[in-house]
1. For PHE58, what residues show an amide H to amide H distance below 5 Å, using hydrogens built from the backbone and excluding near sequence neighbours?
2. How many nm is it between the label spots at SER46 and ILE30, if each spot is 7 Å from the Cα in line with the beta carbon?
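Quick note: the coordinates plus some simple rules give every number you see, no bench work behind them. These numbers come from a predicted model, not from an experiment. Every residue, glycine as well, gets a Cβ built from its backbone with ideal geometry; the counts of neighbours run over all protein chains shown.
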Amino acid sequence: MKDRIVGIIMNGITGRLGNDQHLLRIIEAIEGQGEICVGSEKQTISKGQAVFLPPTVFHQLTNTSSEPLHMMYIYCPGGDVAHWRQELDGSLPVAGVAPTPPLPLGAQPQCNKKP
């Protein structure tokens, strides 16, 4: 059986994900609530909701609740994703600094700090 990965984002933590991967992605919220930005759009995501992330489109997921946000990532094709290493290293691209586009108006601030 293949490994299954479930991500957890703590309160106020933001994951800024890049657009340099040519993957089809879906993020599903399993518990908690957050804000998801995809391109120039922003919306709330909560338990039972899923969001499709087209390849090469910038996106950001932020936990906006006091409880952990549990989510499931679905990637096609499967494999290691570079932004996971970037998040751990604190080296994610900065929103609004070329070539990274700015976040949608009113979006949660980006966090690029090493955890």
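1. Close amide H contacts, sequence-distant or interchain: GLY39.
2. Result for the modelled spin labels: 2.0 nm.
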